[in-house]
1. For the pair Phe42 and Asp89, how long in nm is the line joining their label points, each one 7 Å along Cα→Cβ?
2. Distance in nm between label sites at Met1 and Asp76, each 7 Å beyond Cα in the beta-carbon direction?
3. Just to be sure I understand the model, the point goes 7 Å from the Cα along the line to the Cβ. What's the resulting Ala52 to Ser18 distance in nm?
4. Assuming R0 = 25 Å, can you tell me the calculated FRET efficiency for the pair Glu33 and Ala98, based on Cβ-Cβ distance, to the nearest 0.05?
5. Using a Förster distance of 35 angstrom, determine the FRET efficiency expected from the C-beta separation of Lys66 and Trp10, and round it to 0.05.
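Just so you know, all these numbers are worked out from the coordinates, no wet-lab data involved. Since the structure is predicted, the reported quantities are computational estimates derived from the model, not experimental observations. Here Cβ is always computed from backbone atoms with ideal geometry, including for glycine, and neighbour counts include all displayed protein chains.
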Amino acid sequence: MTPSERYALWRFEQKYRSYTAETGQGDSSLGHEIYHDSCLHFMDGLPMNKSAIARFHRDLIGSGTKRRVVEFHVIDSTHVESVIHTRSDQGDLYVRCAITLKDGKIYRVEKMHSALPPPLERKCSGAQAA
């Protein structure tokens, strides 16, 4: 990978993290900066286009859901993988996505795996176990 490709991916990661963590304070213009005009985002097997993604993101912000990128891995100059932690009234969820980039923007997103966080391990003393 060339230095300019690495820099472009670093810039994309910064925008992606900001957009994912947006809480309604911003104007969501970052969505236009990170999503390609002909992008497809597969959510539970159903494709969403750029305008559907914008509505989905606006609904998440409106519901008070908090999101953040907890992992971001560059595979090559056109592929990255990320894990997003979503916290809402219903609980926590972690989603791993494979992302294909075109012209430095998200062209395709496929959810690979989603899971609840691991349960807390609790230790019991002998008095509590009896």
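1. That separation, rounded to one decimal, is 3.2 nm.
2. Spacing of the two 7 Å Cα→Cβ label points: 1.2 nm.
3. 2.8
4. 0.75
5. According to the calculation, E is roughly 0.90.
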